[in-house]
Amino acid sequence: MTPEFLFHQRRKFMKLGVGTLVSPLLLESLLAEVLPPLNYLPQNVDMKLTSEQDATSYNNFYEFGFGKSDPKKNAKSFNPKPWTLSITGEVKKPLHIELQDLLGKVKLQERVYRLRCVEAWSMTIPWIGFELRELLAMVQPTQKAKYVKFTTLYDPKQFPAQNSFFASIDFPYVEGLRLDEANHPLSILAVGMYGKRLLPQNGAPIRLVVPWKYGFKWIKSIAKIELVSERPISTWEKQNSREYGFYANVNPNLPHPRWSQAYERVIGERGRQKTLYLNGYADEVGHLYEGMNPKELY
Ligand SMILES: Nc1nc2c(c(=O)[nH]1)N[C@H]1C(S)=C(S)[C@@H](COP(=O)(O)O)O[C@H]1N2
Ligand SMILES: [Mo]
């Protein structure tokens with residue numbers, strides 16, 4: 001079976017046309033665009049997946065516009081290669097690494113997780129990624145590190161809405177986790193889905209996946225990770241802290257100030273289903289929030 005990316009690449013060659021003289025240099029530059037396929041440990045679970053079509057065309061990625069179909073439309077020329085990821089701050093070994101090199105040092109695995117957006121819709125997606133704790137172990141957080149702060153690439157040439165005079169949110173997009181949340185084995189950095197690399201609209205080349213938290217925590221196209229001692233203020237919290245908290249744990253019993261969170265619309269299915277506490281991952285992560293003031297936990 002030809003991996004899909006090679007298939008497209010081949011078509012690109014073919015489009016050059018019969019009789020076109022392909023110089024070795026051109027050939028090389030075309031080939032350089034091809035990244036090796038992701039080698040990962042597949043997961044065998046019995047969950048009904050959202051169609052790849054829906055997951056790659058119904059998106060929230062405000063850097064590309066506010067409509068659900070804007071990201072796919074406006075991300076076509078986005079180029080995530082090469083991509084340097086920097087991990088700095090309260091760490092003993094700061095790291096600036098080419099993503100492709102990093103992928104050689106981590107254990108890529110498939111994880112089928114539910115995604116629950118704060119807007120009360122959900123999907124089930126087979127992600128490919130590695131545990132965030134693997135990366136944190138490489139940089140060795142100091143005693144002062146209490147939170148992990150993530151920042152999306154700032155590049156208005158590629159993210160048109162970052163530049164907009166009318167941009168109503170403060171870019172670059174920022175998110176954060178408590179260190180123990182970040183070190184939880186369910187937290188992954190995803191680089192692919194449905195067996196392939198992430199498409200730009202889904203946060204290429206690397207995005208956060210924290211399945212027990214509302215989708216807005218799942219920050220896309222991450223360029224910078226910092227270990228910090230103070231709790232970072234995330235983009236939506238800064239925008240409206242009454243409606244969007246730092247924790248943003250999925251909770252059917254805690255309504256958003258403007259709508260209920262008890263049910264969710266399953267993308268691609270008819271009707272609604274009940275939302276589960278911590279999106280169904282309470283057995284795994286519930287203990288992280290024991291004893292916390294419920295007022296703080298939203
Ligand atoms: N940088 C950035 N990351 C982001 C967003 C965004 O606008 N910008 N939207 C978030 C929201 S609200 C959701 S629901 C998920 C959607 O991810 P998906 O489009 O891959 O399903 O991405 C999150 N990550
Ligand atoms: Mo969302």
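Checking the condition surrounded by 19 or more Cβ atoms within 10 Å (Cβ to Cβ) and hydrophobic (A, V, I, L, M, F, W, C), which residue from I267, I219, I233 passes?
Matching residue, one of I267, I219, I233: I219.
Checking the structure you have, find out if any residue of region 250-258 is at positive phi, within 15 Å of ligand 1 (Cβ to nearest atom) and touching a residue at least 24 places away in the same chain (Cβ under 8 Å).
No, region 250-258 contains no residue that is at positive phi, within 15 Å of ligand 1 (Cβ to nearest atom) and touching a residue at least 24 places away in the same chain (Cβ under 8 Å).
For region 81-100, give me each residue that is touching a residue at least 60 places away in the same chain (Cβ under 8 Å) and out of contact with any helix residue (DSSP H, G or I) (no Cβ under 7 Å at 6 or more places or on another chain).
If the condition is that a residue be touching a residue at least 60 places away in the same chain (Cβ under 8 Å) and out of contact with any helix residue (DSSP H, G or I) (no Cβ under 7 Å at 6 or more places or on another chain), then K81, T84, S86, T88, G89, E90, L99, Q100 are the ones that fit.
Can you run down the residue pairs with Cβ atoms below 6 Å, 6 or more apart or on separate chains, where the first is in region 179-198 and in contact (Cβ under 8 Å) with a residue 40 or more places away in the chain and the partner is outside any strand (DSSP E or B) and basic (K, R)?
Taking only residues 6 or more apart or on different chains, the pairs are L179/K146; N183/R133.
Does D155 satisfy the condition of being within 12 Å of ligand 1 (Cβ to nearest atom), without any contact (Cβ under 8 Å) to a residue 60 or more places away in the chain and either surrounded by fewer than 20 Cβ atoms within 10 Å (Cβ to Cβ) or under 17 Å from the mean Cα position of the chain (by Cα) (or both)?
yes
Can you find a residue that is within 16 Å of I206 (Cα to Cα), within 13 Å of ligand 1 (Cβ to nearest atom) and crowded, with 19+ Cβ neighbours inside 10 Å anywhere in region 83-102?
no
Could you list, in sequence order, all residues of region 118-140 that are of a type in the set (G, A, S) and buried (at least 16 other Cβ atoms within 10 Å of the Cβ)?
Scanning region 118-140 gives A120, S122, G129.
What's the total number of residues in region 159-179 that are part of a loop (DSSP other than H, G, I, E, B) and of a type in the set (S, T, N, Q)?
Residues flagged as part of a loop (DSSP other than H, G, I, E, B) and of a type in the set (S, T, N, Q) within region 159-179 amount to 2.
Any residue that is of a type in the set (F, W, Y), more than 12 Å from ligand 1 (Cβ to nearest atom) and modelled with pLDDT of 95 or more - is there at least one of those in region 158-165?
So far as region 158-165 goes, no, none of its residues is of a type in the set (F, W, Y), more than 12 Å from ligand 1 (Cβ to nearest atom) and modelled with pLDDT of 95 or more.
Which of (1) under 23 Å from Y277 (Cβ atoms); (2) within 11 Å of ligand 1 (Cβ to nearest atom) is the odd one out, the single condition D180 does not satisfy?
In the conditions (1) under 23 Å from Y277 (Cβ atoms); (2) within 11 Å of ligand 1 (Cβ to nearest atom), D180 misses (2) alone.
Here are some residues: Y147, Y214. Which one is in contact (Cβ under 8 Å) with a residue 60 or more places away in the chain and more than 16 Å from ligand 2 (Cβ to nearest atom)?
None of the others qualify; the one that does is Y147.
Taking only pairs six or more apart or across chains, which ones have beta-carbon atoms under 8 Å, a first residue in region 229-249 that is of a type in the set (D, E, K, R) and modelled with pLDDT of 95 or more, and a second residue that is in a loop (DSSP other than H, G, I, E, B) and surrounded by 14 or more Cβ atoms within 10 Å (Cβ to Cβ)?
E230/K146; R231/K146; R231/F246; E237/Y244; E237/G245; E237/F246
The values are calculated or read from the model by the stated rules, or taken from the named source; none is laboratory data. Computed from a predicted structure; not experimentally measured. Every residue, glycine among them, receives a Cβ derived from its backbone with ideal geometry; neighbour counts consider all protein chains shown.
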